[in-house]
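See below for the structure under consideration.
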Amino acid sequence: MRYGAPARATTALPSPTVAAVLAPGERARVEAAGTGCFAVVHRESVPEAIRTVRERPVDAVLLSVHHCRPEHVDGVAHLIREFPSVPTVALISHADPVASDMLLRLGASGVRQVVDVSAPAGWARLRQVMMQPVSKAASRIQGPVIAALPNIPPDARLFLEALIRLAPETSTVRELARRLGVRPSTLMSRFSRSGLPSPKSYLAALRLLHASQLFEDAGLSIADVAHRLDYSSPQSFGRHVRSLLGITSSEFRSRFPFPLAINRFIELMIEPYRETWCRFHPLNRSGSR
């Protein structure tokens, strides 16, 4: 096969070990999802999970938003600061209004990844996340973007980080809104009322940023990059580039190396709206204040 390593290469690698703080009803399902992919070490609380990370090799920490306690959020921030090489991932397993607040708290503490397993596809996503480290591609975009917006509210930061992470595999605002747990019309209305470019514009621009990073690998063709970003064809990717920049895919590759592309994104999509982002609440019911 053209894409992916042979199966024997994957099975030769040791299975990751995940320290998990889960609700009782989630434990068996996470273990089943991890069969053959990762091993789960269950802990009752965040402090116990931190102790486990200190005492034994752990590849990731999985925290249920339904089981974390507010008094342990500071511990999560400490974990992320002290063990930056160990990804901390938030888990959502069902609709829960109270858990939404915990998700925002975890985002403010530094949690960068959220997996929603309330739909069947979420379990495949969980296996994917647990089997690989935090995306370097997303980190290269998140760093400069968040640095340009140091005072944004926690839910705005969480939104941007999720948008950056999800952009390579998310082509529509409808899909993005579903994954963020908001109505598409609500999300678009909040951006419009705040005077920001549309979420569609941010999503389209970020997909090009991810493409620019992929083009750094000379071994990837335009067709390869289109495939990686889930475009239906290289021609579809080309139309997307032309609609945004007025140039061909080949010209985009040669004229927009990643450092230039990320600077251009911040200059056009972030800096003119810095003050707006500082009072914007895309995921809260209040919208913006």
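The values are calculated or read from the model by the stated rules, or taken from the named source; none is laboratory data. What you are looking at is a predicted structure, and each value in this text was computed from that prediction instead of being measured. As a convention, Cβ positions derive from the backbone with ideal geometry for all residues, glycine included, and neighbour counts pool all protein chains shown.
Quick grid of which residues meet (1) within 14 Å of the chain's Cα centre (by Cα); (2) free of Cβ contacts under 8 Å to residues at least 12 places away in the same chain:
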position	(1), (2)
PHE159	yes, no
ILE164	yes, no
SER192	no, yes
SER201	no, no
LEU208	no, no
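Would you point out the residue of segment 50-67, among those that are outside any helix (DSSP H, G or I) and modelled with pLDDT under 90, that is surrounded by the most Cβ atoms within 10 Å (Cβ to Cβ)? Filtering segment 50-67 for residues that are outside any helix (DSSP H, G or I) and modelled with pLDDT under 90, the one surrounded by the most Cβ atoms within 10 Å (Cβ to Cβ) comes out as ALA60. Whether a residue is buried (at least 20 other Cβ atoms within 10 Å of the Cβ), more than 18 Å from ARG125 (Cβ to Cβ) and of a type in the set (A, V, I, L, M, F, W, C) was assessed, and ILE146 does not pass this test. Within segment 68-106, the set of residues being closer than 19 Å to ARG125 by Cα and in a helix (DSSP H, G or I) comprises LEU103 only. All of (1) modelled with pLDDT under 90; (2) in the same structural domain as ARG105 (by TED's automatic domain parsing) hold for VAL30 with one exception: (1). Here ARG253 clears all of (1) among the charged types (D, E, K, R); (2) closer than 21 Å to LEU163 by Cα; (3) buried (at least 20 other Cβ atoms within 10 Å of the Cβ) except the condition numbered (2). Filtering segment 153-173 to residues that are of a type in the set (Val, Ile, Thr) and either assigned to a helix (DSSP H, G or I) or out of contact with any Lys or Arg (no Cβ under 9 Å at 6 or more places or on another chain) (or both) leaves ILE164, VAL173. The residues in segment 175-199 that are surrounded by fewer than 15 Cβ atoms within 10 Å (Cβ to Cβ), assigned to a helix (DSSP H, G or I) and out of contact with any Gly (no Cβ under 7 Å at 6 or more places or on another chain) can be counted, and the count is 5.
Exactly one residue out of LEU244, LEU268, LEU208, LEU220 is surrounded by 13 or more Cβ atoms within 10 Å (Cβ to Cβ) and assigned to a loop (DSSP other than H, G, I, E, B): that is LEU220. Consider segment 227-241 and keep the residues that are without any contact (Cβ under 8 Å) to a residue 12 or more places away in the chain and assigned to a helix (DSSP H, G or I). The one that is nearest to PRO168 (Cα to Cα) is SER236.
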